Amino acid sequence: QVQLVESGGGLVQPGGSLRLSCAASGLAFNIYSAGWYRQAPGKQRELVALVTGGGSRNYADFVKGRFTISRDNAKNTVYLQMNSLEPEDTAVYYCNVGRAGSNYWGQGTQVIVSS
């Protein structure tokens, strides 16, 4: 059974930092692409960042230069380092792991950026 467990969300002031983690189990993590999505109230879920099994990274334009995605295949974990957070970054952040024919989601972790 595949399980994705996210952690690291919380309340942070504008300009602050958070690091999200997503630990995967029940699959061969190293061959999957892993990404972070977010969904703000009243908005659609959107891609934040993605790292392939080979290590290639892609970012949404709105986070370039502020967020960094990384993965540790030995720990079956994907991370999202978020710096220079803005109130507009407030959302539920979801971990996603996928490859052709398979797609899995975590339960989400809330990030609130507010003074």
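The values are calculated or read from the model by the stated rules, or taken from the named source; none is laboratory data. Small disclaimer: the values here were computed from a predicted structure and weren't measured. Cβ sites come from the backbone with ideal geometry, for glycine too, and all protein chains shown count toward neighbours. Just the protein is used for accessible areas: all its heavy atoms, side chains included, with ligands, DNA and RNA removed. Shrake-Rupley method; radii C 1.70, N 1.55, O 1.52, S 1.80 Å.
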Suppose every Lys and Arg Cβ carries +1 and every Asp and Glu Cβ carries -1, with no other charges. What dipole size does region 43-109 come out with about its Cα centre, to the nearest 20 debye? 260
Surface per residue (accessible, 1.4 Å probe) for region 1-106, Å²: 51
Under a GNM of the chain (C-alpha, springs under 10 Å), which listed residue has the highest mean-square fluctuation: Ser33, Ser102, Ser25? Ser102
Amide H contacts under 5 Å for Phe67, restricted to residues at least 5 apart in sequence or on another chain and with H modeled in the peptide plane, are Asn83
Sites Asn30 and Ser84 - FRET efficiency at Förster radius 35 Å, r taken between beta-carbons, to 0.05: 0.70
Can you give me the pair-distance distribution of region 19-63, C-alpha pairs, 5 Å bins, whole percents? 5, 18, 24, 25, 17, 8, 4
As an exercise, identify the trypsin sites (Lys or Arg not before Pro) in region 1-69 lying in DSSP coil whose Cβ has no more than 11 other Cβ atoms within 10 Å. Lys43, Lys64
Return a whole-number percent for the relative contact order of region 1-108, with Cα pairs under 8 Å and 6 or more residues apart as the contact set. 34
Could I have the simple spin-label model distance between Ala60 and Ser115, label points 7 Å from Cα toward Cβ, reported in nm to one decimal? 2.4
Counting DSSP beta bridges in the chain, what percent are antiparallel, to the nearest 5? 95
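Of the heavy-atom accessible surface of the chain (probe 1.4 angstrom), what whole percent is carbon and sulfur? The partial results should precede the final answer.
Values: 2660 of 5950 Å².
On the chain, the fraction of accessible area on carbon and sulfur atoms equals 45 percent.
So if I average 1/r over every pair of distinct C-alpha atoms in the chain and take the inverse, what Kirkwood radius in Å does that give? Kindly include the intermediate steps, with their values, before the conclusion.
Details: mean 1/r = 0.0713 Å⁻¹.
After inverting the mean inverse Cα-Cα distance, the result is 14.0 Å.
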What whole-number distance in Å separates the alpha-carbon centres of region 34-55 and region 96-115? 7
